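Undergrad: Supplied in structure tokens, the structure appears directly below.
We did not get these values from a lab; they are worked out from the coordinates using the rules stated. Note that the structure is a prediction, hence the values are computed from the model and not measured. Glycine also receives a Cβ, built like all others from the backbone with ideal geometry; neighbour counts cover every protein chain displayed.
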Amino acid sequence: MSETNSSLRVGVIGGTRLPGNVKTFLRNVRDILEPHPVDFEFDLLLREASTVGLSGFQPVDTGIEGTSRAIRTLQTLTTATTKYARSRPVDVLFQVTKFPLHGFAATVAGKRTDTPVITRFAGDNFREHVLSDGVSERTRTFALNNIVGYVPTKFSDATIVLGPDGKSEIRQRNGSQTIHEIPQPVDFDRFDAVSDRERATLRNELGIEDETRVVLTVGRLSERKGMADLIDAANSLADRTVDLRWYVAGDGPFHEKLLATPLVEPIGRIPHEQMPDYYRVADVVVHPSHIEGLPNVLLEAAACGTPTVSRRVGDAETVASKTYTDTSQLPDFILENHEAAELGERFAADTLRKAYAKALVATATNSRP
């Protein structure tokens, strides 16, 4: 198939549940591919897919069962994906989240049905076990990500990574010879900078004084997302008696601890359409997560013209204003003034359109037996 051919059907592996950030990713990819000469037709393999309401994606449910057990998820998703690939004229299977589980299912189904498979490595799953509690859980997580995850790493037809760190992780494991380095798109129409006057109005609506330094963190309130380090940094800043408010958007097990932390104001889960204004009022966005790929938080903040400070994990260093490895540095970095990161040409719609189209078309055509 050439890029001037009429259409290409992509089977997107959604699994048992589709996280909000993945919905955003799929919407953005659909939007940037819309003007391309190839008509990309997306099927979405997802349990109860018809209830998701993701425009531009045809819901497909071939018997995916709801389960929280990894082995059962492997079984039901592999079976459902195989059934789908045998029953529809799909050109390429595309795994977009949960690389070890969903990538395994897509790769095995692809081999069973001679359907090309492109996997997407969007986070540092290979190190996830280091954050697990106890030997048993650590062993289980290691086996899931590094043994089950070996299958998509080695046997998928191509792999999309988000940056140089992701590429290095796949290559270290002698993974797919075809690696496409493509970051996720950013909705620049929604996430953009505003004038100083508009920013002042937004701060006034939140009751923030002009002199107050505003820090924002967005993510699940968990150990994995660095909430313990956030608390330590806030306590250190409180000892310095600085005029600072640290908003934390999200929910999770650390909510009560954050409520009791000086300077910190947990504000719960914020609807995605409201997030641009929170980025715009912040002086700095802090992302202390221990495990990452290329965080949407850093991209969206940068698009809004807001500086960012992040732990040096995954490919965060490629889009953050400042990164750290030693958490004792965090309080000082929060008080420093930084320039917002420039996302650059690789995030331009035309660049990403060509990259995603090339990866999907090349995988669909070059991998046919």
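Undergrad: Can you give me the angle between helix 196-205 and the longest principal axis of the chain, using Cα atoms only, in degrees from 0 to 90, rounded to the nearest 10?
TA: 80 degrees
Undergrad: Using a Förster distance of 45 Å, how high is the FRET efficiency between Ala348 and Arg17, based on the Cβ-Cβ distance and rounded to 0.05?
TA: Here the calculated transfer efficiency is 0.90.
Undergrad: If one computes P(r) from the Cα atoms of the range 261-349, what percent of pairs lie at distances over 15 Å?
TA: Here the tail beyond 15 Å accounts for 60 percent of pairs.
Undergrad: To the nearest 20 debye, what is the magnitude of the charge dipole of the range 158-239 about its Cα centre, counting +1 on the Cβ of each Lys and Arg and -1 on the Cβ of each Asp and Glu?
TA: Dipole of the range 158-239, to the nearest 20 debye: 520 debye.
Undergrad: Find which of Gly110, Gly207, Thr318 sits farthest along the positive direction of the dipole of the chain, computed with +1 on the beta-carbon of Lys and Arg, -1 on that of Asp and Glu, about the Cα centre.
TA: Gly110
Undergrad: Tell me, in nm to one decimal, what length is gained between Arg240 and His272 on full extension, where the rule is 0.36 nm per residue of separation less the Cα-Cα distance?
TA: Here the segment from Arg240 to His272 would lengthen by 8.2 nm.
Undergrad: Using 0.36 nm times the number of residues separating Arg88 and Leu202, minus their current alpha carbon distance, what extension gain do you get?
TA: Length gained between Arg88 and Leu202: 36.0 nm.
Undergrad: Let me ask something else about it. Hey, what angle do you get for helix 99-113 against the long axis of the chain, alpha-carbon based, 0 to 90 degrees rounded to 10?
TA: Roughly 10 degrees between the two axes.
Undergrad: So how strong a dipole does the range 196-342 carry about its Cα centre when Lys and Arg Cβ are +1 and Asp and Glu Cβ are -1, to the nearest 20 debye?
TA: The dipole magnitude comes to about 320 debye.
Undergrad: In degrees, nearest 10, range 0 to 90: what is the angle between the Cα axis of helix 349-366 and the longest Cα principal axis of the chain?
TA: Approximately 30 degrees, to the nearest ten.
Undergrad: Follow-up. If you take every residue apart from Arg240 with its C-beta less than 14 Å away from the C-beta of Arg240, what net charge results, scoring Lys and Arg +1 and Asp and Glu -1?
TA: -4
Undergrad: Sticking with this structure for a sec: Remind me, relative contact order of the range 196-342 in percent, using alpha carbon pairs under 8 angstrom and six or more residues apart?
TA: 22 percent
Undergrad: Among the listed pairs Lys23/Lys225; Lys83/Lys225; Lys167/Lys354; Lys23/Lys154; Lys154/Lys322; Lys154/Lys354, which have their C-alpha atoms separated by more than 30 angstrom in this model?
TA: Lys83/Lys225; Lys154/Lys322
Undergrad: So what is the relative contact order for the chain, in percent, with contacts set as C-alpha pairs under 8 Å and at least six apart?
TA: Normalised by residue count, the contact order of the chain is 15 percent.
Undergrad: I want the local charge near Ser132. Using Cβ-Cβ distances under 9 Å, sum +1 for each Lys or Arg and -1 for each Asp or Glu among the other residues.
TA: Taking every other residue near Ser132 into account, the sum is -1.
Undergrad: Can you work out the Karplus-derived ³J(HN,Hα) for every residue in the range 164-175? Use 6.51 cos²θ - 1.76 cosθ + 1.60 with θ = phi - 60°, whole Hz, and x for glycine or proline.
TA: x, 5, x, 4, 4, 4, 5, 5, 4, 9, 6, x
Undergrad: I need the Kirkwood Rh of the chain: take the reciprocal of the average 1/r across all distinct C-alpha pairs and report it in angstrom.
TA: About 21.6 Å for the chain.
Undergrad: Oh, and also: Write down the Kirkwood hydrodynamic radius of the range 84-153, to one decimal in angstroms, obtained as one divided by the mean of 1/r over all alpha carbon pairs.
TA: 12.8 Å
Undergrad: State the Cα centre-to-centre distance between the range 147-162 and the range 171-223 in whole Å.
TA: If we compute the Cα centre of each part, the gap is 28 Å.
Undergrad: Given the rule -39500 (n - 2.57) for each run of at least 4 DSSP H residues, summed and divided by the residues of the chain, what is its mean residue ellipticity at 222 nm, to the nearest 500 deg cm²/dmol?
TA: -11000 deg cm²/dmol
Undergrad: Take the alpha carbon atoms of the range 80-116, find their center, do the same for the range 9-55, and report the distance between the two centers in whole angstrom.
TA: What the calculation gives is 15 Å, centre to centre.
Undergrad: Here is a further query. Rounded if a/c is under 1.5, else prolate if a/b is larger than b/c, else oblate: which is the range 23-102, with a ≥ b ≥ c the root eigenvalues of its Cα gyration tensor?
TA: prolate
Undergrad: Would you pull out the residues with amide H under 5 Å of Gln58's amide H, same chain only if 5 or more places away, H placed 1.01 Å from N?
TA: Residues meeting the amide H criterion: Phe42, Asp43, Leu44.
Undergrad: While we're on this one: In vacuo Debye scattering of the range 120-191, one point per C-alpha: log10 I(q)/I(0) at q = 0.14, 0.22 Å⁻¹?
TA: -0.50, -0.91
Undergrad: Which FRET efficiency value, to the nearest 0.05, do you get for Arg112 and Asp326 by plugging their Cβ-Cβ distance into 1/(1 + (r/R0)^6) with R0 = 41 Å?
TA: Calculated transfer efficiency: 0.30.
Undergrad: Quick one: compute the contact order of the range 239-314, relative version, from alpha carbon pairs under 8 angstrom and 6+ residues apart, as a percent.
TA: 25 percent.
Undergrad: Also: Only Lys, Arg, Asp and Glu count, each charged at its Cβ (+1, +1, -1, -1), so figure out the dipole size of the chain about its Cα centre, rounded to 20 debye.
TA: 1940 debye
Undergrad: Is the range 196-342 rounded, prolate or oblate when judged by the Cα gyration tensor, a ≥ b ≥ c being the square roots of its eigenvalues, rounded requiring a/c under 1.5 and prolate requiring a/b larger than b/c?
TA: Note, shape of the range 196-342 comes out rounded.
Undergrad: State, to one decimal in nm, how far the label point of Arg171 lies from the label point of Ile71, with both points 7 Å from Cα in the Cβ direction.
TA: Label-label distance for Arg171 and Ile71, simple model: 3.7 nm.
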